[in-house]
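Down below is the structure, laid out as C-alpha cells.
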Amino acid sequence: MAKVFLYPTTSLILSDLVARFGHTPLSAALQIRERIQTPGLESPPLQITPEEPKKGLKWAAVEVPSGVRGRMSLYGPMIDKAEAAIIINNADYSFGCMGCARTNELIKFLIRKRDIPVLDLEYPMNENEGVEFVAAIKRFLDGLHGGEV
Amino acid sequence: MTAYSPRYTGTVTKYIFVESPEMTPSDLAIRAYEISHGVMIKETCFGLQVTGNEDEVNQIVNSLRALDPAHIFVKDRGFPPGDPRRCRANLGGARPGYFGHEFEMDLIRNVSKGLESLPSRKPEDIPHPPAPSAAPRLDAARLKKIIESQES
C-alpha cells in the first residue's frame, strides 16, 4: 500500500479512487484533522498558529510570504511522505489568492523534484474521457508497490 | 487568547457522496443507521458524514460503498460535523470549502462511467486519459530576448 499525494489536495475524485484501489490518499483533510484535534490555543478557523509559517521554512525560503509558508507546513510533510503522486492540472477551483497560486506552483515543483512516480491528468469532461481517466489511474496505482500487479 | 479543547479527539470523519439514479442520501442514511452501532451519522443533501472510531467508520463506509460501488464516493474530512468554525448555522451563510465538491460533482458521472466500464476492459489496453497540453510555452530565455529587443 503506497502513500499517494493528491493534487488538488482536497479532491474527492482522487481521494476516492486512490483509497478504492487499495492505497493511502494523502489529502489536506488529514493535516487539518491533526490540528483540529490537538489541544492548544484557540486559532480559528483552521487552528493554524503563528508556528506554522516557521515550520514552513523547511520547504520555502524566508523571503517567501508567510501565507505560502503556512500552507507549506500542511502540504510539505505530505510531499515528504509521498511515494507517488497524481496531479490534475486543470483544477481551476484550487486557484485562490496569490498565496494559494504560489503554493500550488511550489507543491508541483517539489513533487517533481522528489523523483517519485507522477501521473499527470486533466479532469474528464465527457464519458469517454472518464473511462480513460479511471483506467489510467487504476493502471498507475496497480504499478505501485502494494498494487494489484 | 483562549485555551482550545478539541472535541471528538481520536475520531475520524468521512464524507460519503452519492450521485446515483437508484439511491438517495436518505436511503443511504437509513442503511447507515442500521449498521452504525453508536457511530455518529449526519445526513446531508449530498450524502452523509460519518464520525467515529477509524475501524468502525471504515467498516460502515465499506458496507455502504458496496450498495452502489460506481456511484458512491468517499473522502476524509478534517472537521467533525457541526463544528462551530465551519457549520453554516453559526457562520450565517454558505460555508467555504464546497466549491471543489460542487465542481467535482458535476463531473462525477464521467468517473462513474469509467468505474462501470473497468471490469470489461482488457488489462493490456493502454489508457489515453485527458492530459495537459504538450504545446511549448514561452521560455524565459526567449522572453528575455524580447524584452532586450524592446529596450534597445
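For this structure, a couple of remarks:
- The listed residue being among the polar types (S, T, N, Q) and surrounded by fewer than 12 Cβ atoms within 10 Å (Cβ to Cβ), out of B:THR9, B:THR51, B:THR44: B:THR9
- Criterion: in contact with a helix residue (DSSP H, G or I) (Cβ under 8 Å, 6 or more places away or on another chain), acidic (Asp, Glu) and surrounded by fewer than 16 Cβ atoms within 10 Å (Cβ to Cβ) - qualifying residue of B:ASP125, B:ASP106: B:ASP125
- Selection count, segment A:20-49, where residues are more than 24 Å from A:VAL4 (Cβ to Cβ) and more than 11 Å from every other protein chain (Cβ to nearest Cβ): 1
- Taking segment A:1-107 and the strands (runs of 3 or more DSSP E) fully enclosed by it, the elements with 2 or more residues that are surrounded by 18 or more Cβ atoms within 10 Å (Cβ to Cβ) and of a type in the set (Phe, Trp, Tyr) are at A:3-7.
- Of all residues in segment B:93-137, those satisfying the criterion of being under 30 Å from A:LEU46 (Cβ atoms) and modelled with pLDDT of 90 or more are B:PHE103, B:GLU104, B:MET105, B:ASP106, B:LEU107, B:ILE108, B:VAL111.
- Matching residues, segment B:54-69, being under 23 Å from B:GLU116 (Cα atoms) and buried (at least 18 other Cβ atoms within 10 Å of the Cβ): B:ILE60, B:VAL61, B:LEU64, B:ARG65
- From the list B:LEU118, B:LEU143, B:LEU138, the one residue that fits, being farther than 26 Å from A:LEU12 by Cβ and surrounded by 10 or more Cβ atoms within 10 Å (Cβ to Cβ), is B:LEU143.
- Scope segment A:118-149; condition surrounded by fewer than 16 Cβ atoms within 10 Å (Cβ to Cβ), more than 19 Å from B:GLU104 (Cβ to Cβ) and either at the interface with chain B (Cβ under 7 Å from one of its Cβ atoms) or not aliphatic (A, V, I, L, M) (or both); matching residues: A:ASP142, A:GLY143, A:HIS145, A:GLY146, A:GLU148
- Of the candidates B:GLU34, B:GLU43, B:GLU54, the single residue that is more than 18 Å from the chain's Cα centre (by Cα) and more than 10 Å from chain A (Cβ to nearest Cβ) is B:GLU34.
- Condition broken by A:ARG71, with the remaining ones in (1) within 12 Å of another protein chain (Cβ to nearest Cβ); (2) touching a residue at least 24 places away in the same chain (Cβ under 8 Å); (3) of a type in the set (D, E, K, R) satisfied: (1)
- Of all residues in segment A:1-19 being out of contact with any His (no Cβ under 9 Å at 6 or more places or on another chain) and facing another protein chain (nearest Cβ under 7 Å), the one that is farthest from B:PHE99 (Cα to Cα): A:ALA19
- Among the residues here, A:LEU144 qualifies as closer than 26 Å to B:ARG121 by Cβ and modelled with pLDDT under 95.
- Cβ-Cβ contacts under 7 Å between residues 6 or more apart (or on different chains), taken from a first residue in segment B:82-93 that is more than 9 Å from chain A (Cβ to nearest Cβ) to a second residue that is of a type outside the set (Lys, Arg) and surrounded by 12 or more Cβ atoms within 10 Å (Cβ to Cβ), are listed as B:ASN90/B:PRO84.
The values are calculated or read from the model by the stated rules, or taken from the named source; none is laboratory data. Fair warning: this is a prediction, and the values are worked out from it, not measured in the lab. All Cβ positions, even for glycine, are placed from backbone atoms using ideal geometry, and neighbour counts span all protein chains on display.
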